[in-house]
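Step one of this worksheet: look at the structure below.
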Amino acid sequence: MAINIEGSCDPKFNRVKEAFAANFEKGDEVGAAVAIVVDGKPIVDLWAGHADKAKTRPWTRDTLVNVYSTTKGLTAICAHRLVDQGKLDLDAPVSTYWPEFAAAGKEKLPVRYLLSHQAGLPAVRKPLPPEALFDWDAMCEALAQQEPWWEPGRKHGYHALTFGWLVGEVIRRITGKTPGTYFRDELARPLGLDAHIGTGPEHDARIASMIASPPPPPGQPNIFLEVINNPESVTAKAFANPPLMSKPGLVNTREWRAAELPAANGHATARSLARLYGALARGGEVDGYRVLSPESIARCHQEQAMGPDQVLFISTRFGLGFMMSQPGASLGPGARSFGHPGAGGSLGYADPDAKVGFGYVMNKMQSSILIDPRVTNLIDALYASM
């Protein structure tokens, strides 16, 4: 049965619409949306499919969905905004803003290492109770006391969940606002974004249910096996401490949606991701509102770490709070592209060379770790159209 693609698409970019439809026709999607802006102008805004596994709820223009680590990009933009406001120095010790963080030899660890995954704090070593996942103070206290797993700055490893508490607590200490509140006040409301870090029950009716990914095929890194086979490893601790993180179906609960997990539980539309990154792709301003200065945008895509990831068993490449293109995980041909993927497939990114802002969200998770093949199809179609 042919999929009904809804929304709008500039005829010049029909290849993107065709690639989007092909993802559905191959059975790779249940519900999804893709949006693209060029120099601030929306040129693709498409959605299709269903918001639930049983296919009883159609995916609509305003369907929200959990975007997992795509949230990290939203949080990083907040941190860079504080730099622009003169309130945050990326080279200052974290303990300047968060005195308790100085414990366990971390008194000189600079803020930039939190953003570049070089801090050596991807996990808490001591076992935490399940409920700690939703206890902001408990997680921040545990991380403040944690000794780095490696010498900060010498290696890097994906801070899958801890990125949110580490960067988020710096934002909170400086502003007095939780990261979700700061994001709402400084970015979502002024730009009219339908994007949230922590969502109230009034949004539940339009939030898509996430569908768990299949296990990775043989030969690909399998984080779940690592958790089972090496429970004391940094990887196992990063993904299963607190243990509630690995509970099946957690992402579809009210408790998950209500929490502020600035590394993992943002809910957004593709349109909002494209608009936000689209502002960064054109010098930092859109419709008269400045998101970041050109200087901050240049910092976003300065490579900080590249090579073997101490947590993910693959190579990763990071700027300051963002992933960047690398072999096998491309954000298009632009050398300065930066953004963030999320578990299962979502992605938001900016390409300052082509002035492109891109957003893709979905509810059928796949097992790819970095850039999902469905997204690669869309990105390839985009640049083939330009």
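Points to keep in mind about this one:
- Of residues in region 120-161 being in contact with a Pro (Cβ under 6 Å, 6 or more places away or on another chain) and in a helix (DSSP H, G or I), the one nearest to residue 312 (Cα to Cα): 133
- Unique residue being touching a Phe, Trp or Tyr at 6+ places or on another chain (Cβ under 8 Å), surrounded by 14 or more Cβ atoms within 10 Å (Cβ to Cβ) and over 23 Å from residue 156 (Cβ atoms) when the list is 264, 274, 268: 274
- Hits in region 318-368 - residues which are among the hydrophobic types (A, V, I, L, M, F, W, C), touching a Ser or Thr at 6+ places or on another chain (Cβ under 8 Å) and farther than 23 Å from residue 40 by Cβ: 318, 320, 323, 343, 362, 365
- Any hit, region 73-93, residues being surrounded by fewer than 23 Cβ atoms within 10 Å (Cβ to Cβ), among the hydroxyl-bearing types (Ser, Thr, Tyr) and either within 23 Å of the chain's Cα centre (by Cα) or assigned to a helix (DSSP H, G or I) (or both): no
- Residues located in region 128-177, provided they are crowded, with 23+ Cβ neighbours inside 10 Å and among the small types (Gly, Ala, Ser): 157, 160, 164, 168
- The set of residues in region 310-325 being touching a residue at least 60 places away in the same chain (Cβ under 8 Å) and either more than 14 Å from residue 113 (Cα to Cα) or among the hydrophobic types (A, V, I, L, M, F, W, C) (or both) consists of 310, 311, 312, 313, 314, 316, 318, 320, 322.
- Of 283, 288, 249, 307, all but one fail to be modelled with pLDDT of 95 or more and either crowded, with 24+ Cβ neighbours inside 10 Å or closer than 27 Å to residue 226 by Cα (or both); the exception is 307.
- Filtered by the rule that a residue be at pLDDT 95 or above, out of contact with any Lys or Arg (no Cβ under 9 Å at 6 or more places or on another chain) and either outside any loop (DSSP other than H, G, I, E, B) or aliphatic (A, V, I, L, M) (or both), region 357-373 gives 358, 361, 365, 371, 373.
- Region 1-28, subset among the aliphatic types (A, V, I, L, M) and at pLDDT 95 or above, residue farthest from residue 55 (Cα to Cα): 16
- Checked against the criterion of being under 20 Å from residue 34 (Cβ atoms) and assigned to a strand (DSSP E or B), region 305-315 contains not a single residue that satisfies it.
- Residue in region 226-244 that is farthest from residue 308 (Cα to Cα), counting only those that are in contact with a Pro (Cβ under 9 Å, 6 or more places away or on another chain), assigned to a helix (DSSP H, G or I) and touching a residue at least 60 places away in the same chain (Cβ under 8 Å): 244
- Residue match in region 223-230 (condition: touching a strand residue (DSSP E or B) at 6+ places or on another chain (Cβ under 8 Å) and of a type in the set (A, V, I, L, M)): no
- Filtering region 189-224 to residues that are modelled with pLDDT of 95 or more, more than 26 Å from residue 287 (Cβ to Cβ) and assigned to a loop (DSSP other than H, G, I, E, B) leaves 200, 208, 209, 210.
- Hits in region 186-207 (condition: more than 12 Å from residue 258 (Cβ to Cβ) and touching a helix residue (DSSP H, G or I) at 6+ places or on another chain (Cβ under 9 Å)): 186, 187, 188, 191, 192, 193, 194, 195
The values are calculated or read from the model by the stated rules, or taken from the named source; none is laboratory data. Keep in mind it's a predicted model, so treat the numbers as computed, not measured. All Cβ positions, glycine included, derive from the backbone under ideal geometry; neighbour counts span all protein chains shown.
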